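*Asks:* Here it is, the structure, as structure tokens.
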Amino acid sequence: PEFLKLFWNSMKIAVCILAGQLLAGTPGAWAFAVYRFRGRSILFSVYVILMLLPFQVTMFARYLVLNGLNLLDTHAAVILPAVFSTFPVFLIYRGFRGIPRELYEVARIDGANEWIIFTGIGLPLAEGSVMAAFVLGFFEVWNLMDEPLAFLKDMSLWPLSLYLPEIGAAQAGRACAASVLTLTVSLLVFGIFRDSLEQGIISSALKG
């Protein structure tokens, strides 16, 4: 029962973060890749710098913000900061950048609005990059340790990534079974989305 509860904690955290990253990161990547606005290069450079900063550098600032919002010791303390991660934006941006701008211009001449261009041209052609961001994001989120450990004091809210190290040597059988079940989810995601992941990484590398 304890394992199952923490398993569903991991699933909840992963699903919420990935959904949020796609909803927030995809339009952000589209804006950086397609539109030209003042300060765009500086803002994107800030995004890249934030992507390179380790969690330990930003942990105190996050703690103060989450404490001010009374979100500490809730799943939201882990989910909300991760939703606005810069890595999905960077990866999807490279996919959008590889689409010829002439396609957008032709669509605008034909009377298509920006939403139609985004959903009808941008997303289908950059699908590989979006899926790559989804799969890589899942692997990162499924194995989160620092953020839950820093912001979740109640062990009943912990994900599996914190549960496994707590199993003692006297419970080797439980540790083995829990590790296999945890790994199985990652293998399933990789098996289902393997082709999309490979195509997305290759596409982003070539188009970037």
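*Asks:* What is the mean projected area of the alpha carbon convex hull for the stretch 41-103, to one decimal in square nanometres?
*Replies:* The Cα convex hull of the stretch 41-103, projected and averaged over all directions, gives 5.8 nm².
*Asks:* Just name one of Pro54, Asn113, Ile192: the one whose Cα is farthest towards the positive end of the charge dipole of the chain (beta-carbon charges, Lys/Arg +1, Asp/Glu -1).
*Replies:* Asn113
*Asks:* I've got another one for you. Using a 1.4 angstrom probe on heavy atoms only, work out the carbon and sulfur share of the accessible area of the stretch 1-127 in %.
*Replies:* Carbon-and-sulfur percentage of accessible area, whole number: 70.
*Asks:* Largest first and to the nearest Å, give the Cα extent of the stretch 1-110 along each principal axis.
*Replies:* Extents along the principal axes, in whole Å: 58, 30, 22.
*Asks:* I've got another one for you. How high is the relative contact order of the chain? Use alpha-carbon pairs under 8 Å, at least six apart in sequence, and give a whole percent. Walk me through the numbers before you get to the answer.
*Replies:* Numbers: 209 pairs, mean separation 70.0, N = 208.
RCO, the chain: 34 percent.
*Asks:* Among (1) 142; (2) 128; (3) 111, find the value of volume of the Cα convex hull per residue in Å³ that was calculated from the structure presented, and write down its label.
*Replies:* (1)
*Asks:* Can I get the semi-axes of the stretch 65-146's equivalent ellipsoid? Compute them from the C-alpha gyration tensor as square roots of 5 times the eigenvalues, in angstrom, largest first.
*Replies:* Values: eigenvalues 237, 49, 16 Å².
Taking √(5λ) for each eigenvalue gives 34, 16, 9 Å, largest first.
*Asks:* How many Å² of accessible area per residue for the chain, probe 1.4 Å?
*Replies:* Accessible area per residue, the chain: 56 Å².
*Asks:* In addition: Take the chain, connect every pair of alpha-carbon atoms lying under 10 Å apart with a spring to form a Gaussian network, then pick out the residue of Gly39, Gly137, Gly95 with the largest mean-square fluctuation.
*Replies:* Gly39
*Asks:* Another one. Angle, helix 86-97 long axis vs. longest principal axis of the chain, Cα atoms, 0 to 90°, nearest 10?
*Replies:* Helix 86-97 sits at roughly 30 degrees to that axis.
The values are calculated or read from the model by the stated rules, or taken from the named source; none is laboratory data. Fair warning: this is a prediction, and the values are worked out from it, not measured in the lab. Reconstructed Cβ throughout: ideal geometry from the backbone, glycine too, with neighbour counts over all protein chains shown. Surface accessibility is based on the protein's heavy atoms, side chains included, excluding ligands, DNA and RNA. Shrake-Rupley method; radii C 1.70, N 1.55, O 1.52, S 1.80 Å.
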